[in-house]
Amino acid sequence: MDLRPNRGGFLRPFGCGWFIREFLSGKGPEGAPVIDPDVGAPQADIHRAYKEALHRKYAEDWAYDDALAEIKAKEKKLKRRLSGDEEAEIFARTEERYLARIPYKLTCCRFHSFVVYFSNLQRLGWVESTGKEEPSMFQQHYPPGPPRRYFRLTKAGREAPDEAWSNPLFWLYRDRWNREYLRELRGKHKYIKAKRR
């Protein structure tokens with residue numbers, strides 16, 4: 001029985017690969033801004049939208065859990081769905097009480113990690129540069145710095161299966177990461193029995 005969640009992972013409501021694919025497709029996943037798929041978006045904008053979507057999702061989950069706990073405390077034996085007023089209260093609570101208190105670095109995924117992840121998508125040929133560039137803030141202080149480059153999905157990226165998007169690094173090295181190769185690596189390792197003192 002496979003215990004892994006369908007979207008995201010064990011600690012994420014949705015995965016980074018899924019978000020990048022949906023964002024560059026122009027669907028605006030999880031409240032992210034909708035972009036033109038032909039123009040694309042810079043890596044920094046994609047990363048920012050991903051972090052904000054994760055923050056919103058965490059805040060919604062916490063607000064919803066608190067609201068359900070209050071309803072259960074009020075009505076232990078009645079099972080009912082949330083009314084429209086209670087839904088609006090949960091939304092307001094999400095915005096003012098939970099979303100404001102989430103630190104930016106809570107969800108990990110630092111920008112460098114995101115750039116490395118994105119480079120794997122480029123090596124797989126799933127995203128490509130559109131050729132559009134604009135000056136970055138870094139260039140104001142250091143003119144030879146890199147500009148903001150726009151990226152878009154390729155045909156291969158649209159056609160890649162969900163399992164590939166959930167773990168692009170494994171998909172990139174799937175020929176090497178098989179059981180025989182891993183067994184060979186373990187066979188090369190010399191195990192030494194620890195000496196007791």
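No value in this document is a laboratory result; all are computed from the given coordinates. Computed from a prediction, not measured in an experiment: that's the story for all the values here. Ideal geometry is used to build each Cβ from the backbone, glycine not excepted, and the neighbour counts take in all protein chains shown.
Going down the list 51/132; 27/51; 51/155, which pairs span over 19 Å between their C-alpha atoms? Provide the component values of the computation, followed by the final result.
Working: 51/132 24 Å; 27/51 17 Å; 51/155 26 Å.
Violating the 19 Å limit, Cα to Cα: 51/132; 51/155.
Arrange the following residues from fewest to most other Cβ atoms within 10 Å of their Cβ: 130, 154.
On the way: 130 14, 154 17.
Neighbour counts put them in this order, fewest first: 130, 154.
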